[in-house]
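None of the figures in this text is laboratory data; all of them are computed from the coordinates on show. Quick caveat, the model's predicted, so the values are computed rather than measured.
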Amino acid sequence: MTAGERDRREQVRMAAAERFARGESVGQVAAGLRVSQRSVQRWHRVWQAGGAQALCPAGPASRCRLDEE
């Protein structure tokens, strides 16, 4: 995934957090942001547990396996 794609995904998650704070339902958020309800459900659980900060990326999912060569 490119840096631009990662930035776009983060923007979508932050937009979802704003909508959760306004009281929108999972279905409304998913439709408004044109993403799956399953993703929004996952984001909503994370948001409820830790707020918008919890939706920020934590870094790469795994370490780079390429060596210097």
For A54 and Q41 in the same chain, what is the full-extension length gain: residue separation times 0.36 nm, less their Cα-Cα distance, in nm? 3.3 nm
Gyration tensor on Cα atoms of region 1-48, a ≥ b ≥ c root eigenvalues, a/c under 1.5 rounded, else prolate if a/b beats b/c, else oblate, says prolate
